[in-house]
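Chemist: Dumping the structure here so I can ask a few things about it.
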Amino acid sequence: MSSITHALGDGAVVAKRNLIKIKRVPEILIWTLLSPIMFVLMFAYVFGSSIEIPGVDYREFLMAGIFTQTVIFGSTFTGVGMAEDMTKGVIDRFRSLPMTRSSVLIGRTASDILYNLISIVMMTLTGLVVGWRIHTSVPEALGGFLLLLVFAYSFSWIMAYIGLLVPSVEVINNASFMVIFPLTFIADTFVPSQNLPTVLRVFAEWNPVSALARGVRQLFGNLPEGLPVSQAWSLQHPVLYTLIWVVVILAIFIPLSTRQYKRAASR
Amino acid sequence: MGNIIEASGLTKRYGDVVALDGLDLTVPEGTVLGLLGPNGAGKTTAVRVLTTLLQPDGGTATVAGIDVIDDPEEVRKLIGLSGQYAAVDEYLTGYENLDMVGRLYRMGKRPSQVRARELLEQFDLSDAGDRPVKTYSGGMRRRLDLAAALVAKPKVLFLDEPTTGLDPGSRTTMWDVIRGLVRGGTTLLMTTQYLEEADRLADDIVVIDRGKAIARGRSDELKAQVGGERIEVVVAAEADMPVAREALAAVAVGEVLVDDHNRKVTAPVTDGPSSLMAALRRLDEERIAVLDVGLRRPTLDDVFLTLTGHAAERAAPDTADDGKTKPKTQTTQNAKELVR
Ligand SMILES: Nc1ncnc2c1ncn2[C@@H]1O[C@H](COP(=O)(O)OP(=O)(O)OP(=O)(O)O)[C@@H](O)[C@H]1O
Ligand SMILES: [Mg+2]
């Protein structure tokens, strides 16, 4: 028990250090603020005006997809952050201290929640401006945002692992896009997956990103009546299915990344 | 009084490079061990193994009886480390760096803050303490890194080239700090390129080369291995050489060396100052014109160069840019000739 308390306490110290960096280099934050705005506007007007789903307000359907994709992209910050940290002298300091090994990762993933929090706020505001609305109660809406954050957090741990695997910071973006692109595009993010060829459709149905987008749509009341419904269990219970993935990802990648950190650090 | 650091048979190789080749070290509690050696000798590798940053390929090491390989967590609670390259965070201020380290040693909030300010004061960083480290000079970072090593008042301290890059004033301050710590009972293992530093601070010295200890002992013991005091005389006229030789032979305790090319005569002596006076009186009586005269004691440079003859040559290429290599002094050159 005390080791968990220690890990969290040390993680908080590391997270504070990461947040101080954001304070000192606010430029990082400005891009984090701007890109979600751009995403919402671009998708809303480009896709929103050219794709039509009968009986559906596509722009409203689209928003949850943009939220989903943006927070998943946001988690690549964690990979970049870890890869960068490993090149810094301060890692040697951390390693000579009696701190918990996993706390560098705990701190990094925790402080990166801030990026996603900010980008969610920016997207929500921009979305409201372009006509998107939430049609459910406040607790349900908060549940939707929370689901996005929780999933993005677990995804951060995957990215942290990739960040520790790559030999240098430059490689990380390409490496993580290899994971992120198929996951976010072969999914219900921007278009319903019903019309995809069978193999892709099955992938999309069981892809947790589809479940996340659908869960968020449900919680925001953005699932229009006329939409074709998949019979896959994953999409019948999208919130539960997403949360199962969150637990599975954390259960696998917390130990895996911690082990990789120890290994990478003692080269 | 037991050994607080014990290492035996440490080996580490990187591909074809053997960084440690069966290194043995012991450091009695409360003493200072100076680790000397040319560039690439394995000093940093040894420090990294002992501070749990690096797994050796073979051998064993304990700090305060705790095995560094089996129980690194426990070892880290006892040690402080300032590595060869400053391990501080660029974006944090000096104060934030020290406070962070304090918190990671699990000090309380207040004690950690107080300790951070105290150390900034001690290392002359109070004025810069609230500026991001990015804006610090090399020497300031170095000092901050040393301060970070001392946050938890560790029992055992490892300093890898602690004064490299410091100006003479800061170096003296650092020596005072180190002496103070040792008086307080801290055990210290330090590496250095400055032999004078080892001479002043270290109780024991281990010279390593190619991953192995090639000599160990107190500074004066090592110097004695290279030879005792000697008188050197340079005469004006070559014709005077034989007479000068005679004059020095009268006070010498061993063989007198004659270097015709430089018109230099060297004689080992036991009682330096009075032998020197006697020699000078004789030279004066013989009316020999003397250009230079001196009493030379072997320095650790002499020891170093004698033991690791290739040192200076090997050092040159990789340290040209950071000024770590001490320029060869007149004394060292003389010593080299003496040794041949
Ligand atoms: N990570 C590494 N990968 C490959 N070789 C390494 C690595 N670290 C050290 N070495 C090699 O091991 C040898 C010992 O290096 P080490 O850093 O311990 O030397 P040192 O005595 O500290 O030298 P210096 O006085 O220049 O600091 C060198 O030949 C070095 O090239
Ligand atoms: Mg070194």
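The values are calculated or read from the model by the stated rules, or taken from the named source; none is laboratory data. Not measured: the values here are computed from a predicted model. Backbone-built Cβ (ideal geometry, glycine too); neighbour counts: all protein chains shown. Heads up: the accessible areas ignore ligands, DNA and RNA and are worked out on the full protein's heavy atoms, side chains in. Shrake-Rupley method; radii C 1.70, N 1.55, O 1.52, S 1.80 Å.
Chemist: Those residues that are at the interface with chain A (Cβ under 9 Å from one of its Cβ atoms) and of a type in the set (Asp, Glu), I need them from the stretch B:58-92; list them, please.
Modeler: Across the stretch B:58-92, the qualifying residues are B:Glu73, B:Glu74, B:Asp89, B:Glu90.
Chemist: Follow-up question, since we're still on this one. Determine the pairs where a residue that is in a strand (DSSP E or B), located within the stretch B:66-86, has a partner that is of a type in the set (Val, Ile, Thr) and open to solvent by 40 Å² or more (accessible area, probe 1.4 Å) with Cβ atoms under 9 Å apart, the partner being 6 or more residues away or on another chain.
Modeler: Sorted first by the residue in the stretch B:66-86, then by its partner, the pairs are B:Asp67/B:Thr60.
Chemist: Here's a check for you: in the stretch B:206-238, which residue that is within 16 Å of ligand 1 (Cβ to nearest atom) and open to solvent by less than 30 Å² (accessible area, probe 1.4 Å) is farthest from the other protein chains (Cβ to nearest Cβ)?
Modeler: If we take residues in the stretch B:206-238 being within 16 Å of ligand 1 (Cβ to nearest atom) and open to solvent by less than 30 Å² (accessible area, probe 1.4 Å), then B:Ala215 is farthest from the other protein chains (Cβ to nearest Cβ).
Chemist: Taking the conditions exactly as written (more than 27 Å from B:Gln225 (Cα to Cα), among the basic types (Lys, Arg) and within 16 Å of ligand 2 (Cβ to nearest atom)), does B:Arg142 satisfy them or not?
Modeler: Considered against the rule, which asks whether it is more than 27 Å from B:Gln225 (Cα to Cα), among the basic types (Lys, Arg) and within 16 Å of ligand 2 (Cβ to nearest atom), B:Arg142 comes out as yes.
Chemist: Please specify each residue of the stretch A:54-102 satisfying the condition of being touching a helix residue (DSSP H, G or I) at 6+ places or on another chain (Cβ under 7 Å), more than 14 Å from chain B (Cβ to nearest Cβ) and open to solvent by 30 Å² or more (accessible area, probe 1.4 Å).
Modeler: Across the stretch A:54-102, the qualifying residues are A:Arg59, A:Phe73, A:Phe77, A:Val80.
Chemist: Quick one: A:Asp188 ticks every box in (1) over 30 Å from A:Leu105 (Cα atoms); (2) open to solvent by 60 Å² or more (accessible area, probe 1.4 Å); (3) under 17 Å from the mean Cα position of the chain (by Cα) bar one, so which box is it?
Modeler: With respect to (1) over 30 Å from A:Leu105 (Cα atoms); (2) open to solvent by 60 Å² or more (accessible area, probe 1.4 Å); (3) under 17 Å from the mean Cα position of the chain (by Cα), A:Asp188 is out only on (2).
Chemist: Give the stretch B:237-252 a look and list any residue that's within 18 Å of B:Arg281 (Cβ to Cβ) and hydrophobic (A, V, I, L, M, F, W, C), or say none. Give the steps one after another, and end with the answer.
Modeler: Filtering the stretch B:237-252 down to residues within 18 Å of B:Arg281 (Cβ to Cβ) leaves B:240, B:243-252.
If the condition is that a residue be within 18 Å of B:Arg281 (Cβ to Cβ) and hydrophobic (A, V, I, L, M, F, W, C), then B:Val243, B:Ala244, B:Ala247, B:Leu248, B:Ala249, B:Ala250, B:Val251, B:Ala252 are the ones that fit.
Chemist: Conditions: (1) within 12 Å of chain A (Cβ to nearest Cβ); (2) open to solvent by 40 Å² or more (accessible area, probe 1.4 Å); (3) free of Cβ contacts under 8 Å to residues at least 12 places away in the same chain. B:Leu104 meets all but one. Number of the miss?
Modeler: B:Leu104 satisfies every listed condition except (2).
Chemist: Here's a follow-up. Tell me which residues, restricted to the stretch B:46-95, are within 16 Å of ligand 1 (Cβ to nearest atom), open to solvent by 20 Å² or more (accessible area, probe 1.4 Å) and of a type in the set (A, V, I, L, M).
Modeler: B:Ala86
Chemist: Out of B:Leu120, B:Leu98, I need the residue that is within 14 Å of another protein chain (Cβ to nearest Cβ) and either of a type outside the set (D, E, K, R) or without any contact (Cβ under 8 Å) to a residue 40 or more places away in the chain (or both). Which one?
Modeler: None of the others qualify; the one that does is B:Leu98.
Chemist: A:Ser168 - would you say it is touching a residue at least 40 places away in the same chain (Cβ under 8 Å) and open to solvent by 20 Å² or more (accessible area, probe 1.4 Å)?
Modeler: yes
Chemist: Still on this structure, please answer the following. Counting only residues that are more than 16 Å from B:Gly83 (Cβ to Cβ) and touching an Asp or Glu at 6+ places or on another chain (Cβ under 8 Å), how many does the stretch B:42-62 have?
Modeler: Count: 3.
To keep it simple, each residue is scored yes or no on (1) open to solvent by 10 Å² or more (accessible area, probe 1.4 Å); (2) closer than 19 Å to A:Met159 by Cβ; (3) touching a helix residue (DSSP H, G or I) at 6+ places or on another chain (Cβ under 9 Å); (4) in a helix (DSSP H, G or I).
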position: A:Ala204; (1), (2), (3), (4): no, no, yes, yes
position: A:Val216; (1), (2), (3), (4): no, no, yes, yes
position: A:Leu227; (1), (2), (3), (4): yes, no, yes, no
position: A:Ser230; (1), (2), (3), (4): no, no, yes, no
position: A:Leu240; (1), (2), (3), (4): yes, no, yes, yes
position: A:Ile244; (1), (2), (3), (4): yes, no, yes, yes
position: A:Val247; (1), (2), (3), (4): yes, yes, yes, yes
position: A:Ile252; (1), (2), (3), (4): yes, yes, yes, yes
position: A:Thr258; (1), (2), (3), (4): yes, yes, yes, yes
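Chemist: Something else about it: Is it the case that some residue within the stretch B:78-88 is in contact with a helix residue (DSSP H, G or I) (Cβ under 7 Å, 6 or more places away or on another chain), under 30 Å from A:Ile28 (Cα atoms) and more than 15 Å from ligand 2 (Cβ to nearest atom)?
Modeler: yes
Chemist: Taking interchain pairs and intrachain pairs at least six residues apart, which have beta carbon atoms under 8 angstrom, with the first residue in the stretch A:130-159 and in contact (Cβ under 8 Å) with a residue 24 or more places away in the chain and the second of a type in the set (Lys, Arg) and assigned to a helix (DSSP H, G or I)?
Modeler: What qualifies is A:Val130/A:Arg59; A:Gly131/A:Arg59; A:Trp132/A:Arg59; A:Ser156/A:Arg108.
Chemist: Among the residues that make up the stretch B:127-135, is at least one of them touching a Pro at 6+ places or on another chain (Cβ under 9 Å), surrounded by fewer than 22 Cβ atoms within 10 Å (Cβ to Cβ) and in contact (Cβ under 8 Å) with a residue 24 or more places away in the chain?
Modeler: Taking every residue of the stretch B:127-135 in turn, none turns out to be touching a Pro at 6+ places or on another chain (Cβ under 9 Å), surrounded by fewer than 22 Cβ atoms within 10 Å (Cβ to Cβ) and in contact (Cβ under 8 Å) with a residue 24 or more places away in the chain.
Chemist: Still on this model: Taking into account only those residues within the stretch B:17-34 that are in contact with a helix residue (DSSP H, G or I) (Cβ under 8 Å, 6 or more places away or on another chain) and near ligand 1 (Cβ under 8 Å from one of its atoms), which is nearest to B:Glu6 (Cα to Cα)?
Modeler: Taking the candidates together, the pick is B:Leu20.
Chemist: Working only within the stretch B:253-277, note down all residues that are open to solvent by less than 30 Å² (accessible area, probe 1.4 Å) and within 15 Å of B:Gly294 (Cβ to Cβ). Don't jump to the end; show me each part of the working.
Modeler: Residues of the stretch B:253-277 open to solvent by less than 30 Å² (accessible area, probe 1.4 Å): B:256, B:264-267, B:269, B:272, B:275.
The answer is B:Lys264, B:Val265, B:Thr266, B:Ala267, B:Val269, B:Gly272, B:Ser275.
Chemist: Here is a further query. Mind listing just one residue for me: the one in the stretch B:142-156 that is within 11 Å of chain A (Cβ to nearest Cβ) and within 20 Å of the chain's Cα centre (by Cα) and, of those, surrounded by the fewest Cβ atoms within 10 Å (Cβ to Cβ)?
Modeler: B:Ala149
Chemist: From the list B:Asp199, B:Asp203, which one is touching a helix residue (DSSP H, G or I) at 6+ places or on another chain (Cβ under 6 Å) and surrounded by 15 or more Cβ atoms within 10 Å (Cβ to Cβ)?
Modeler: B:Asp199
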